[in-house]
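No value in this document is a laboratory result; all are computed from the given coordinates. In this text, all values refer to a predicted model and were calculated from it rather than measured experimentally. Virtual Cβ from ideal backbone geometry, glycine too; neighbours counted across all protein chains shown.
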Amino acid sequence: MRKKLLRNFYVRPTLKVAKELLGKYIVRKIGKRKREGKIIETEAYIGPQDKASHAYGGKITPRNKAEYLIGGHIYIYLVYGMYWQLNISTFKEGKPECVLIRALDLGRLADGPGKVCRYLKLNKSFYAEDLTKSKRIWLEDRGEEISPSSILATPRIGIDYAGPYWSRRKWRFVLKS
DNA sequence: GTACAGATTGAG
DNA sequence: TCAATCTGTACT
């Protein structure tokens with residue numbers, strides 16, 4: 001069973017999408033070759049109230065504007081001057097909510113958000129790409145059942161600057177192996 | 001215009 | 001433990 005994820009999957013509350021992305025496959029077509037992997041770690045960012053979000057306070061910049069797109073678009077940006085971070089916009093148009101893809105089930109090849117993008121060869125050219133329409137990247141449901149008991153919820157990584165309230169929200173989701 | 005820190009990673 | 005190095009923001 002291979003079913004491409006469509007708009008109705010992404011246009012839902014972000015925490016729900018972040019959890020359900022676990023166990024889904026991301027497929028990246030590079031020429032005639034494909035690179036793909038199962039998503040095993042995600043994080044939810046829910047602006048404008050979320051102090052850890054780039055859209056905190058309703059802020060809009062050239063970098064973060066893709067966060068405001070309707071669910072199913074790619075929000076990709078560079079951190080620390082060298083690592084791309086793959087996010088998927090969620091919920092409705094105008095709502096700056098997204099899910100960060102932190103790891104794929106590929107061992108050390110993709111065990112961090114920067115490495116996911118390096119493996120999938122993603123960069124600024126994918127900015128605002130529509131995952132429901134793109135011919136070079138999309139997500140698939142391959143019928144793998146994920147039980148709630150196999151999902152671990154933990155605080156998000158690397159956002160201590162957002163203060164204890166937001167950095168302690170358990171909005172990071174990991175698929176137990 | 002300058003200064004500074006960040007949703008990270010890999011080397012020492 | 002620390003440096004790499006682009007982008008946005010808060011200053012002068």
**Request:** Filter segment A:81-133 down to the residues that are in contact with a Cys (Cβ under 8 Å, 6 or more places away or on another chain) and either of a type in the set (D, E, K, R) or within 21 Å of A:P155 (Cβ to Cβ) (or both), then identify the one that is farthest from DNA strand C (Cβ to nearest atom).
**Result:** A:T90
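Residues checked against (1) within 20 Å of A:L120 (Cα to Cα); (2) in a loop (DSSP other than H, G, I, E, B); (3) touching a residue at least 40 places away in the same chain (Cβ under 8 Å):
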residue	(1), (2), (3)
A:M1	no, yes, yes
A:K16	no, no, no
A:G23	yes, yes, yes
A:I40	yes, no, yes
A:A44	no, no, yes
A:Q49	no, yes, no
A:S53	no, yes, yes
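Select from segment A:146-167 the residues that are in a loop (DSSP other than H, G, I, E, B) and surrounded by 13 or more Cβ atoms within 10 Å (Cβ to Cβ) and list them in ascending order. Can you show your working first?
To start, the set of residues in segment A:146-167 that are in a loop (DSSP other than H, G, I, E, B) comprises A:146-147, A:155-159.
Correct list: A:I146, A:P155, A:R156, A:I157, A:I159.
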**Message:** Show the residue pairs meeting these rules: Cβ distance below 6 Å; 6+ apart or different chains; first residue within segment A:123-136 and in contact (Cβ under 8 Å) with a residue 40 or more places away in the chain; second residue within 13 Å of DNA strand C (Cβ to nearest atom) and assigned to a loop (DSSP other than H, G, I, E, B).
**Reply:** none
**Prompt:** Inside segment A:84-111, can you point out the residues that are exposed (fewer than 15 other Cβ atoms within 10 Å of the Cβ) and part of a loop (DSSP other than H, G, I, E, B)?
**Reply:** A:K92, A:E93, A:G94, A:G107, A:L109
